[in-house]
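Reviewing the structure listed below.
The values are calculated or read from the model by the stated rules, or taken from the named source; none is laboratory data. Given the structure is predicted, the values throughout are model-derived calculations rather than measurements. FYI the Cβ positions are ideal-geometry reconstructions off the backbone, even for glycines, and counts take in every protein chain you see.
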Amino acid sequence: MLRRRTVLATTAAALAAPAIAQPRQRISFLTWNLIDQEALVKRWIESFQRANPGAEVEWLDKKGPELPAFYQTQLAAGTPPDVINTQGTLWLEYAANNVLLDMTPRIAADADMRGRFNAEYLANWTYTERNFMVPFYITKTLLFFNRPMFQRAGLAGPPQSFDDILAFAAKMASADTTGFLTLNFDWLYWPLFKMNGVELLTPDLAKPAFNTPKAVEVLEKLARASDTGAINKISWTGRWVEPNGAFAAGNVGMLHAHSPAYFFVKGQGSWVNSETIGAAHMPGNWATPNSHGLGISRASKNPDLAWAFVKHVTSDTQAGLFANERKILTGNTAVDRALLAKLAVEDPTLEKILRTQIEHTDRMTGNWRLPNDARIKDAFWPEMQNALLGRKTARQALADAERRVARELSRS
Amino acid sequence: MPNGAWRGNFRAAEVTSWYARKRTRELALVVCFLAPSLLIFFLYRLAPLGWNAVLSFQSWSPMRPARWVGFEHYEEMLFYDEVFWQALWNTLVWIAAAPIGIVLALGIALLVNSDLKGASVYRTIVFLSYPLMTVAVGIVWRWMYDERGGFINWVLRSAGIIDRPLGFLSSFALALPSVIATEIWQILGFYMIVLLTGLQAIPTHLYEAARIDGAPAFARFTRITLPMLRPSLFLCAVIALLNSFTSFDLVYIMTNGGPGHATELLITYIYKLGFGQTKFDYAAAVTVVQFLLLLFLTFLANRAAGGNAGAVERD
């Protein structure tokens, strides 16, 4: 009898002990298209749980187009994931609507976090001078070029001006080839306007500023080049697969894209090697960032644990694993320096491409702090397409775009 | 009251009561069977529809509480939103193009219903496009239409029909017809099977009698085949109508509504408003308009079919 009572008591104590000693704290981690890094994410979680007994991290991964819809439905349900990974300017709407936690005081209080990141990339995640996210992995646009096509056209090096881009493209264009392609989502094409001094909005972001004679001239030139075949029309209609696939086919002279495009092009283009692909900055060194960041939902029940997880994932060790696995820059300066040093030996082409991502970071454009960025984009871009594909004159398209953008700005 | 009469009344009341109980039991059984379906219908159809209608008069997003704004979204939609009108026009064009597919399918159904050699093989070939996944169809046709390396441009150039490649999906004029052609190609097989079934249900003695009376082939087609095919044609028309309002995947994959908004349909526009621009309230207003339009067109189709489409015939 005594033995049975002892066994029952011991079992009850054993079952109750963890709950008493370590109340479990749970957070969820939502990532953007990282399913290929399942092993790595699990390692992050395991090491975090080891370092934080009682903590439990649930990982959720969504593909790009699904993530915003998922997050918004979770917000509506009142159960948003604690830590979220977003790309581009999506976070701005969340920040402006008080959905994300202001990380500024936590960063200010943590010397390690303060000094961990590339300052310009960290600043890229500020809205009303408050940091709502920190860098997770960083990218911005650059110019890839097909060296054999350049040689055949008698071109010595990458273009140095907007007119150079068009002239080079025209030289390389033929019945089966085109000279230039750009990605167009998330303002990635904006360096083409910025290098000509065209501004989208006034400095206070209150009014459109793009309807200028210079913008008309730029748009007319781009439309003409698209009509003659110097610029591949996929630039204005494709998204990710089509333009990168077209460049990978080997009959497009230049591709303006962000650094991850290299892996796509290399994977598909049998012509791509260190001798044949070139990488350079766009004229004027202008580039549009399209980075990934980590933020914390304001509705998180465990913000401290979520913050600890963000610190863990962006730490030198964990971010180092990420950088080495995916061959990307993380915004963690020490990690990025180490990766570039390693790649300089192992893969100089990739090193050259990635190095552009941390150069001229003061010349990033197309990253306005607009909470209604998606709406402005949708008011502006279709009118640009109208001009670029010859449906409207540049003047008319810019006037219509100005009216539509002004209306969106006034509505917000 | 005589004893017999009382007994008779009692029996009558007993029988009535028995029938009443039986009816109640039957009714309860019917309600039991219907209740799960009705509950699901209410939860997944009526309640969202009602909430959607309410939402269309509110300013709401998952990030802020709802606020009543009256007809603001409708005013914006009707007087300021050019994209809405473009999407509405495109949807109507899409609907208007549906008869092309039905006529083509009818032609093919007549062919494979005749004594044509290898008719079953042709039937299978035409039907094959229908079970394919729409996403796969969209991707394949996108490459077929490609300006630089697309099969269609290659054929047209090789045949000397064009000297410059056509940007089927990048041209404002060609994009919508190109996507509609793909839609017709995919659903043609389904229409064909529906019409073929209808054709095979027409009693052959009608044709024999018409032949004996000396009716020419065209008269037999217009006086016998078409009237007898009316239910099948109506079914195809309704499916085409519904497809026009739900052809999201094909447009999303092939053009994403572009270039500009040249291939934007109401359904793709609603998705973009909701999940691209977080304008769920405004998207709800567009959804209400789409619903009313669908209701109106279904009413017209029903009238065209004689006003009793879907009615159950009792022997």
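In the range A:91-109, the residue that is farthest from the other protein chains (Cβ to nearest Cβ) out of those that are in contact (Cβ under 8 Å) with a residue 40 or more places away in the chain and part of a helix (DSSP H, G or I) is A:R106. The numbered conditions (1) at pLDDT 95 or above; (2) out of contact with any strand residue (DSSP E or B) (no Cβ under 9 Å at 6 or more places or on another chain) are all true for A:P158 except (2). Reported count of residues in the range B:98-152, each being within 14 Å of chain A (Cβ to nearest Cβ), surrounded by fewer than 16 Cβ atoms within 10 Å (Cβ to Cβ) and modelled with pLDDT of 85 or more, is 4. Any idea which residue in the range A:250-274 is farthest from the other protein chains (Cβ to nearest Cβ), counting only those that are closer than 27 Å to A:E346 by Cβ and small (G, A, S)? It comes out as A:S274. For the range B:44-90, what are the residues that are away from chain A (no Cβ under 11 Å), under 16 Å from B:H261 (Cβ atoms) and surrounded by fewer than 16 Cβ atoms within 10 Å (Cβ to Cβ)? Scanning the range B:44-90 gives B:W85, B:W89. Is it the case, given these coordinates, that A:T177 is more than 14 Å from every other protein chain (Cβ to nearest Cβ) and among the β-branched types (V, I, T)? The answer is no for A:T177. A:N184 meets each of the listed conditions (1) within 14 Å of chain B (Cβ to nearest Cβ); (2) crowded, with 21+ Cβ neighbours inside 10 Å; (3) out of contact with any Lys or Arg (no Cβ under 8 Å at 6 or more places or on another chain); (4) not hydrophobic (A, V, I, L, M, F, W, C) apart from (3). Scanning the range B:214-230 for residues that are touching a helix residue (DSSP H, G or I) at 6+ places or on another chain (Cβ under 9 Å), closer than 24 Å to B:I100 by Cβ and surrounded by fewer than 13 Cβ atoms within 10 Å (Cβ to Cβ) yields a total of 1. Could you go through the range A:46-67 and let me know if any residue there is within 24 Å of the chain's Cα centre (by Cα) and either closer than 30 Å to A:A280 by Cβ or not assigned by TED's automatic domain parsing to the domain that holds A:N332 (or both). Within the range A:46-67, one or more residues are within 24 Å of the chain's Cα centre (by Cα) and either closer than 30 Å to A:A280 by Cβ or not assigned by TED's automatic domain parsing to the domain that holds A:N332 (or both).
A single entry from A:L350, A:L370, A:L339 fulfils the requirement of being within 14 Å of chain B (Cβ to nearest Cβ), crowded, with 20+ Cβ neighbours inside 10 Å and either in contact (Cβ under 8 Å) with a residue 12 or more places away in the chain or over 24 Å from A:H312 (Cβ atoms) (or both): A:L370. Check off (1) part of a helix (DSSP H, G or I); (2) of a type outside the set (G, A, S); (3) in contact with a His (Cβ under 9 Å, 6 or more places away or on another chain) for A:F150 and give me the number that stays unchecked. In the conditions (1) part of a helix (DSSP H, G or I); (2) of a type outside the set (G, A, S); (3) in contact with a His (Cβ under 9 Å, 6 or more places away or on another chain), A:F150 misses (3) alone. Taken over the range B:258-270, the criterion of being more than 9 Å from chain A (Cβ to nearest Cβ) and in contact with a Phe, Trp or Tyr (Cβ under 8 Å, 6 or more places away or on another chain) is satisfied by B:L265, B:L266, B:I267, B:T268, B:Y269.
Considering only residues that are crowded, with 22+ Cβ neighbours inside 10 Å and under 26 Å from the mean Cα position of the chain (by Cα), look in the range B:153-174 and name the one that is nearest to the other protein chains (Cβ to nearest Cβ). The qualifying residue nearest to the other protein chains (Cβ to nearest Cβ) is B:L169. Summed over the range A:70-90, the residues that are within 11 Å of another protein chain (Cβ to nearest Cβ), in a loop (DSSP other than H, G, I, E, B) and surrounded by 20 or more Cβ atoms within 10 Å (Cβ to Cβ) give a count of 1. Just so you know, in the range B:175-185 the residues that are of a type in the set (A, V, I, L, M) and away from chain A (no Cβ under 11 Å) include one that is surrounded by the most Cβ atoms within 10 Å (Cβ to Cβ), and it is B:V179. A Cβ distance below 8 Å, combined with a sequence gap of six or more or placement on separate chains, defines the contacts here; from the range A:198-218, residues that are farther than 18 Å from A:D373 by Cβ reach residues that are modelled with pLDDT of 95 or more and among the acidic types (D, E) in the pairs A:N211/A:E402. Residue count for the range A:123-147 under the criterion of being in a helix (DSSP H, G or I) and modelled with pLDDT of 95 or more: the result is 1. Considering the conditions (1) crowded, with 18+ Cβ neighbours inside 10 Å; (2) within 22 Å of A:L143 (Cβ to Cβ); (3) in the same structural domain as A:V41 (by TED's automatic domain parsing); (4) at pLDDT 95 or above, A:A319 is excluded by exactly one of them, (2). The lone criterion from (1) crowded, with 16+ Cβ neighbours inside 10 Å; (2) away from chain A (no Cβ under 12 Å); (3) in a helix (DSSP H, G or I); (4) not β-branched (V, I, T) left unmet by B:R211 is number (1). A single entry from B:F79, B:F168 fulfils the requirement of being free of Cβ contacts under 8 Å to residues at least 24 places away in the same chain, within 24 Å of B:L266 (Cβ to Cβ) and in contact with a helix residue (DSSP H, G or I) (Cβ under 7 Å, 6 or more places away or on another chain): B:F168.
The single residue among B:P36, B:P62 that is touching a Leu at 6+ places or on another chain (Cβ under 6 Å) and not aliphatic (A, V, I, L, M) turns out to be B:P62. Name the single residue, out of those in the range A:20-40 being part of a helix (DSSP H, G or I) and among the hydrophobic types (A, V, I, L, M, F, W, C), that is surrounded by the most Cβ atoms within 10 Å (Cβ to Cβ). Going through the qualifying residues, I end up with A:L40.
If the condition is being surrounded by fewer than 16 Cβ atoms within 10 Å (Cβ to Cβ) and within 14 Å of A:R147 (Cβ to Cβ), then the range A:267-276 contributes A:N273, A:S274, A:E275. Is the range B:47-60 home to any residue that is part of a strand (DSSP E or B) and of a type in the set (S, T, N, Q)? For the range B:47-60, residues part of a strand (DSSP E or B) and of a type in the set (S, T, N, Q): present.
Only one of (1) touching a residue at least 24 places away in the same chain (Cβ under 8 Å); (2) part of a helix (DSSP H, G or I); (3) crowded, with 17+ Cβ neighbours inside 10 Å; (4) not aliphatic (A, V, I, L, M) is not met by A:D227, so which one is it? Result: A:D227 fails condition (3) only. Residue count for the range A:41-69 under the criterion of being buried (at least 18 other Cβ atoms within 10 Å of the Cβ), assigned to a helix (DSSP H, G or I) and either touching a residue at least 24 places away in the same chain (Cβ under 8 Å) or aromatic (F, W, Y) (or both): the result is 3.
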